[in-house]
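Note sheet for the following structure.
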Amino acid sequence: MNFMEEEIRVELAAADMVAPVEPELLMPAHGESSDEAPERPLEKKNTVYEKIARWIVAATVFLIPLFFLPWTTGIIELNKLALLTAATGAALIFWFLHVIVSGQMSFRRSPVNLGILAVLGAEILAVIFSLARFKGLFGLTNSLSDSLVAVINLAVFYFLVINLFRRGRRLQLILAASLGLALLYGLLQMSGFYIFKYLNISILDFTSSHAFNTVGSVNALGLLAAAALPLFGKIRNEKIVLKFLRIAGLVVAFAVLLILNWWILWAAAIAGMTVIMLLDSLVTGRENKFKISRFLLPMTVIVLGIFFTIVNLNLSFIKKNFPVEIGPSFGLSGRVVKSTLSESPIFGYGPENFSLAFDKFGADKLVNTTLSGIKFFDSTSEVINFAAHGGIILLAAFAFLFWSLFAAIKRSVAGGIKSVGLVASLAALVVGSFLYPLNLTMFFLFFILAALLVLDLAKEDAKLTDIEEKPLASLAASLGFVGSLILVLVETYFGATVYLADAKYADALSEKDSQKRTDLLVRAVNLNGHDDRYYRSASQAALELLAQELIKKADKNDTDRSSRIQNYIGSAINLARRATEVSPRETNNWTNLGGVYQELVGLVDGVDNLAAVAYAKASELRPGDANIYNQAGNVFLGKADLLLRLAVANAGSAQQFRQGAADALTRAEENYKRAIELSTNFGVAIYNLGVVYDRQGKLGEAVKQLEKIMPFNGNQPNLAFELGLLYYRNGQKDKAFAQLQRAVILSPNFSNARWYLALIYEERRDLPNAIEQLEKILSLEENKGNQIVTTKLSELKKGQTKIPPQKVLDQKPLQ
């Protein structure tokens, strides 16, 4: 039988595309007497539009776990959402066409429907009150699972499934086959077998990675395996094909779990297996027939899962090729969401805005760690994400959805539940959502499992309404068709512009030519002016063009050079400012604006103060990030160095420039000290503070700062060299000598270190060692024929010394 004729077993009439229901469907219901003359049931009409809608839904179920495309920054997530949006819109239109042509509307009632609508309503409210509405609408290209567009499409897809299909058994098999293929591909990738490598297509080179799969991260693949195990385990295996799907699916899913061997994945898998044992035991008790075979699979998974977790089996020969997945701890995630709910308890910060909450409430906990500047876009748990993204209202909505699922299952247990695998897979996903963030594939799996469960638990067919006999129903169907058509068109238009803009942005990121990259970014901005990433990148591209213009040799005939320079400066500033206007709560936008102003110090008056204001705003949004204060310090240190150079070049205004430099150094010192207060082992800020002290003539303080970081950077020849010169200037010549020796040991080709070491040897009258250092300098290809070194070597070989009376530090470095 054709798959799409599973639900309605009638043939399509050629004339009007409708057909009467078979006679047996008109027989009296069980328990009724034919003498009672029951009301004639409404004849179900079938149309080609309904069949097309079913095929679209079935194809989407198969493709979502497997789908990806290479030409956007969100290779997996964004493309899956694009597919889901297009397929859901098309299926919805065809379903409404079926309703209008047939004059009938079917709707299946279930308590789960209210849960789905509650989540959708909560998402809409969360977006309305979001701190970044565009992000709440469309999400980020790699994090969009609970964006409003995604939830709308998932909810509509759920309702399409429960109203287009009668039981959905074959849809379950399609889903199982798709999950099996996704897990198999992921397993092959983890093992080093890259399928797309053999196609020899350069645009797919990124797939040649142990970590790549069509689901997301390797841990996301593991969670999919945990959720799929019960589904595979409960496939009815009467046919050979189904037996193969069951066994292959179980083997592949278990292999993925075994390789990853993470307790969170085993916890989800064990939850699913426990539900299978619980429901099967109820069935066994009711039938008074105990069958140990029912419990063999779940008991095996539970025992092995616990065992491998305890012994911590580590297949390092495979896992060594996996990237480390970094996320906030449960404690840190909880701290962030607690503070978020304290500030915005009802609606949270808005969908996909966990990063904003983390910047404000969690970044300070990363100080004095190697992750101090990192930005997290998800918590360690999807449930915690719900709280941060939608506050109490979204938490309550999902709690109601979980309860509605439980209520539907509980209602069916007494009569014997057949959908054990669906319930167990849902349980695994729910447990997983408490322990790990879910991506779009996981959310899709949850919604499709919920829809299939509703179909499997249904005790009667969907309610059929003749809209032609009910004016209100007819009006509702017409308005629904018009409304859905408008919704689909609007969503398609904006979705397409977002997608095309991201494709241009992806091209820009891979483009090496600055002008071409700028043009691509401008096109991305024109397509989608609500993504702050495009403005940040475009501002940096404008700075690159400015730098290239400034280093060009001036051409007297080029009369447009000045206008180009001014245009690049204005563009860089305006684009960076626009990013802060599009998303004013995003820290990266303010640090980018500060960085743009910083690059223009010396070209535009007053930008140092504007940079300070931008960095101050960034530190307000991310108060625990010491690097922001370090960047602000760099602004004033750079300005001070510029003013000191101007003081040397302009003797008449030297005093004014020196005073300005002193003021700038004071502000630089304040910012570096603030950075060090936040992060006591922030080596860069400590070093920069030492530079400030050096500029201020506080050599002793400068030496102390470099001495603080030297034990942790003992393998850095440049730091040893600089500390050696500072020691010498501070009168600590023996320490200077030791540090310069250390520098040449760490880097034998360090010519400047050897040069000053030779001068110290000369000062000590140790001419043989001084000559040895100079000869080693000249032995390097880049130094052969160096006149300064050659002259000094000739003098020393003749026994002629100039130090003293000359001073070591009066001699300029070689490079």
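Accessible surface area normalised per residue over the chain is 46 Å², counting heavy atoms of protein chains with a 1.4 Å rolling probe.
For the set His530, His210, His389, the ranking by accessible area, highest first and with no ligand, DNA or RNA atoms included, is His530, His210, His389 under a 1.4 Å probe.
Positive end of the dipole of the range 389-512 (Cβ unit charges, origin at the Cα centre): among Thr441, Ala399, Leu485, the Cα lying farthest that way belongs to Ala399. For the set Lys45/Lys459; Lys51/Lys197; Lys512/Lys553; Lys338/Lys617; Lys556/Lys784, the pairs lying more than 27 angstrom apart at their alpha carbons are Lys51/Lys197; Lys556/Lys784.
Count Lys and Arg as plus one, Asp and Glu as minus one, and take only other residues whose Cβ is under 14 Å from that of Ala720; the net charge is then +1.
Mind checking the range 309-392 for GluC sites (Glu not before Pro) that DSSP puts in a loop (not H, G, I, E or B) and that have at most 14 other Cβ atoms within 10 Å?
Working: sites: Glu325, Glu343, Glu352, Glu382; in loops: Glu325, Glu352.
Passing sites in the range 309-392 are Glu325.
Taken over the C-alpha atoms, the range 408-530 has Rg and Dmax values of 23.3, 69 angstrom. Let me make sure I get this right: for the range 48-477, a, b and c are the square roots of the gyration tensor eigenvalues over alpha carbons, sorted descending. Under 1.5 in a/c it's rounded, otherwise prolate if a/b > b/c, else oblate. Which is it? Rounded shape, in that the Cα axes give a/c under 1.5.
Quick one: ranking Ser794, Ser381 by accessible area, 1.4 Å probe, largest first, what do you get? All intermediate terms of the calculation are to be shown ahead of the outcome.
On the way: Ser794 50, Ser381 0 Å².
If we order Ser794, Ser381 from most to least accessible, we get Ser794, Ser381.
Between 0 and 90 degrees, the angle of helix 767-779 with respect to the longest Cα principal axis of the chain falls at about 50 degrees. Taking all protein chains as they are arranged and a probe of 1.4 Å, the heavy atoms of Met105 leave approximately 50 Å² accessible to solvent.
Label-to-label distance, Ile565 versus Lys704, with points set 7 angstrom from Cα along the beta-carbon direction: 4.3 nm.
Among the trypsin sites (Lys or Arg not before Pro) within the range 172-250, those in coil by DSSP and having at most 14 neighbouring Cβ atoms inside 10 Å are Arg236, Lys239.
What number, rounded to the nearest 500 deg cm²/dmol, is the helix-based mean residue ellipticity at 222 nm of the chain, given -39500 (n - 2.57) per DSSP H run of at least four residues and division by all its residues? Let's see the in-between values first.
Details: 31 runs with 539 residues, N = 815.
About -22500 deg cm²/dmol.
Geometric descriptor of the chain, per residue, is 228 Å³ (volume of the convex hull of the Cα atoms). Over the range 352-442, the alpha carbon radius of gyration divided by the compact-protein estimate 2.2 N^0.38 Å works out to 1.43.
Note on the range 587-658: Kirkwood radius taken over Cα pairs, Stokes-Einstein applied at 10 °C and 1.306 mPa s, translational D equal to 125 µm² s⁻¹. Kindly identify the range 36-118 as rounded, prolate or oblate by the Cα gyration tensor criterion: order the square roots of the eigenvalues as a ≥ b ≥ c, call it rounded if a/c is under 1.5, otherwise compare a/b with b/c, prolate if a/b is larger, else oblate. Judged from the Cα gyration tensor, the range 36-118 comes out prolate (a/c at least 1.5, a/b above b/c).
Please work out whether the range 288-423 counts as rounded, prolate or oblate from its C-alpha gyration tensor, where a ≥ b ≥ c are the square roots of the eigenvalues and a/c under 1.5 means rounded, while otherwise a/b larger than b/c means prolate and anything else oblate?
Values: a/c = 3.64, a/b = 1.35, b/c = 2.69.
It is oblate, given that a/c is not under 1.5 and a/b is not larger than b/c.
For the range 401-469, trypsin sites (Lys or Arg not before Pro) are listed when DSSP marks them as loop and at most 11 other Cβ atoms sit within 10 Å of their Cβ; the list is Lys459. Per-residue SASA remark: Thr369, around 60 Å² accessible (1.4 Å probe; ligands, DNA and RNA not included). At the residue level, Asp205 shows approximately 100 square angstrom of accessible surface with a 1.4 angstrom probe and all protein chains present. Taking a straight line from the alpha carbon of Lys704, these lysines sit under 23 Å away, with near neighbours fewer than eight places off in the same chain left out: Lys673, Lys733, Lys735.
Considering only protein heavy atoms and a 1.4 Å probe, what is the carbon-and-sulfur percentage of the accessible area of the chain? Please list the in-between numbers first.
On the way: 22490 of 37700 Å².
Within the chain, the accessible surface is 60 percent carbon and sulfur.
The values are calculated or read from the model by the stated rules, or taken from the named source; none is laboratory data. Since we're looking at a predicted model, the values are computed, not measured. In this analysis, Cβ positions are derived from the backbone assuming ideal geometry, glycine residues included, and neighbour counts consider all displayed protein chains. For the accessible areas, the whole protein counts, side chains as well, though only heavy atoms, and no ligand, DNA or RNA atoms are used. Shrake-Rupley method; radii C 1.70, N 1.55, O 1.52, S 1.80 Å.
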